[in-house]
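No value in this document is a laboratory result; all are computed from the given coordinates. Just so we're clear, the structure is a prediction, and the values are computed from it rather than from any experiment. Heads up, the Cβs are rebuilt from the backbone with ideal geometry, glycines too, and the neighbour counts pull from every protein chain shown.
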Ligand SMILES: Nc1ncnc2c1ncn2[C@@H]1O[C@H](COP(=O)(O)OP(=O)(O)O)[C@@H](O)[C@H]1O
Ligand SMILES: [Mg+2]
């Protein structure tokens, strides 16, 4: 087990948000976390990475208890996070943005690997990140995250605002990273995108994980999507 959340309860001030989240991500798995708006998917990722601390429960990463670890220490471990909305530094160049992901890596080959995955980035290194298209910004955000060569990559709604062509290429890139050994925890609103990639899916409802199923178990089970997401897929 690479990542485990065991009965995690998280508050924002007095707001009780995660009300007992338990989930597991195995090495080399792609796991999708699905649920309606506001159920706590982003809060789950923020809790894992340490931006917000759980009041009770336990989080382990590769056998290490990270529940009480400060965010900057978790940031040094082999976990990377591409947050919702990408959070690039818009006035910094693409290269400067990428360098913020290289603080914990000295391997020169890491940048070449990024150029292999996202060939268009190479020609834009000196452009301001804020001047790029949504798809290009997502490419930079993912590049920055994988430059630290994480074992596990967490992506929050990576397809939001992307044109269909970029969505298709992003799907290929995530599949490729996974084929090369990276474990992925994906929060996604586009169900077909998530299902094309995920080995396993967790469904969240109101601060809790209510159901898990493998991709095979979800074949032909429209009822599950209606029940937990309220949508027809
Ligand atoms: N910083 C915050 N302070 C207070 N409440 C928040 C904060 N961020 C999110 N929330 C609330 O927590 C709940 C879960 O939000 P979130 O984790 O962003 O859901 P999701 O990602 O599933 O849409 C929502 O009700 C949201 O309004
Ligand atoms: Mg969210």
- Message: Neighbour counts of other C-beta atoms within 10 Å: give me 226, 201 arranged from fewest to most.
- Response: 226, 201
- Query: Which value results when the Cα radius of gyration for segment 2-44 is divided by 2.2 N^0.38 Å?
  - Reply: 1.26
- Given 25 °C and 0.890 mPa s, how large is the Stokes-Einstein diffusion coefficient of segment 1-102 in µm²/s, with Rh as the Kirkwood radius over Cα pairs? 166
- Item | Ranked 11, 81, criterion: other C-beta atoms within 10 Å, fewest first | 11, 81
- Computed helical MRE - 222 nm, the chain, DSSP H runs ≥ 4 contributing -39500 (n - 2.57), nearest 500: -9000 deg cm²/dmol
- Write down the percent of antiparallel bridges among all DSSP beta bridges whose residues are both part of segment 1-136, to the nearest 5. 100
- Message: Can you tell me how segment 153-209 classifies by the Cα gyration tensor, rounded, prolate or oblate, using a/c under 1.5 as the rounded cut?
- Response: oblate
- DSSP beta bridges in the chain: the antiparallel percent, rounded to 5, is 55
- Message: Can you tell me the orientation of helix 134-146 relative to the chain, as the angle in degrees between its alpha-carbon axis and the longest Cα principal axis, to the nearest 10?
- Response: 80
- Note on the structure: Rounded to the nearest 5, the percent of DSSP beta bridges in segment 95-233 running antiparallel is 55
- Could you tell me whether segment 110-156 comes out rounded, prolate or oblate from its Cα gyration tensor? Rule is a ≥ b ≥ c as square roots of the eigenvalues, rounded for a/c under 1.5, then prolate if a/b exceeds b/c, otherwise oblate. oblate
- Shape descriptor, the chain: equivalent ellipsoid semi-axes (Cα gyration tensor, sqrt 5λ, whole Å, largest first) stand at 28, 21, 16
- Message: So if I take the alpha carbon set of segment 137-233, get Rg, then get Rh from the Kirkwood formula, what is the Rg over Rh ratio?
- Response: 0.97
- Using the alpha-carbon atoms, what tilt in degrees (0 to 90, nearest 10) does helix 164-179 show relative to the longest principal axis of the chain? 80
- Percent of all alpha-carbon pairs of segment 42-149 at distances over 17 Å, whole number, is 56
- Thinking of segment 20-68 as a set of Cα atoms, what percent of all their pairs are more than 16 Å apart? 44
